[in-house]
Amino acid sequence: MICGRGGLERPDQPRPGAAGITVASRGAATSVHLASAPDLEQVTGGYFAAGRPRNSAARSYDEAAAARLWQVSADLIGLATAA
């Protein structure tokens with residue numbers, strides 16, 4: 001799985017690109033690139049922003065937090081998990 005940060009789209013925003021807001025076509029560009037680029041076909045476990053590989057936020061590497069999130073999510077949907 002690869003994750004891409006495309007950006008937010010605000011149709012009511014008069015100035016595209018202002019304050020981290022992008023128009024829909026630019027916001028979707030990274031997702032479209034990740035889904036269709038032949039050179040990324042075998043890439044997995046990456047995070048991309050503006051079409052380039054980046055490090056995600058430090059907290060995204062917290063394995064204990066990931067395990068807690070997984071367990072809480074499983075509990076919420078009634079999925080039995082191994083303890």
Among the candidates Ala80, Ala35, Ala66, residue that is over 19 Å from the mean Cα position of the chain (by Cα) and at pLDDT 75 or above: Ala80
Those residues of the stretch 44-59 which are touching a residue at least 12 places away in the same chain (Cβ under 8 Å), out of contact with any Phe, Trp or Tyr (no Cβ under 8 Å at 6 or more places or on another chain) and either surrounded by 13 or more Cβ atoms within 10 Å (Cβ to Cβ) or in a helix (DSSP H, G or I) (or both), in sequence order: Gly46, Tyr47, Phe48, Ala49, Ala50, Gly51
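The values are calculated or read from the model by the stated rules, or taken from the named source; none is laboratory data. Note that this is a predicted model, so its numbers are computed, not measured. Virtual Cβ from ideal backbone geometry, glycine too; neighbours counted across all protein chains shown.
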